[in-house]
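Q: Please see the structure below; I have some questions.
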Amino acid sequence: MKLTYKAQMFISLAVVLLANVISTILKHWIYRSTGFVVCGLLWLIHPVLPNSAEVSKRTLLWTRIAGVILILIGVFTRVYIY
């Protein structure tokens, strides 16, 4: 089964939201960071483009770069809201 762009976006959103909820309940920043890293790895390993986008090496590269940016957000940020 191949993931579509829409399905992967919903999975990414669900992972980040679930990680934020768990982080807020347990009061540990590491869960929020882990959610961003998992989401970034998903886009890095399996880049998916919308149907309207032109499939080329350049667009896949930019999708992977967006995954790396999500990983960096997860690694380098700690949000204390407590």
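The values are calculated or read from the model by the stated rules, or taken from the named source; none is laboratory data. Fair warning: this is a prediction, and the values are worked out from it, not measured in the lab. With ideal geometry, Cβ positions are generated from the backbone for all residues, glycine too; neighbour counts draw on all protein chains shown. Please note that ligands, DNA and RNA were not included when accessible areas were found on the heavy atoms of the full protein model with its side chains. Shrake-Rupley method; radii C 1.70, N 1.55, O 1.52, S 1.80 Å.
Q: When the accessible area of the chain is split by element with a 1.4 Å probe, what percent falls to carbon and sulfur?
A: Its accessible area is 73 percent carbon and sulfur atoms.
Q: Hey, another quick one. Charges only on Cβ, +1 for Lys and Arg, -1 for Asp and Glu: so what's the dipole of region 1-75 about the Cα centre, in debye to the nearest 20?
A: Rounded to the nearest 20 debye, it is 40 debye.
Q: Could I ask something else about it? If you count only protein heavy atoms with a 1.4 Å probe, what accessible area per residue comes out for the chain, rounded to a whole Å²?
A: For the chain, the solvent-accessible area averages 73 Å² per residue.
Q: Which far-off residues, 5 or more places away or on another chain, put their amide H under 5 Å from the one on His28, with H placed in the peptide plane?
A: Excluding prolines and chain starts, which carry no amide H, there are no hits.
Q: Could I ask something else about it? Return the inverse of the average 1/r over all pairs of distinct C-alpha atoms in the chain, which is the Kirkwood hydrodynamic radius, in Å to one decimal.
A: 13.3 Å
Q: For every helix of n ≥ 4 consecutive DSSP H residues, a contribution of -39,500 (n - 2.57) applies; sum these over the chain, divide by its total residues, and give [θ] at 222 nm rounded to the nearest 500 deg cm²/dmol.
A: The per-residue figure over the chain is -24500 deg cm²/dmol.
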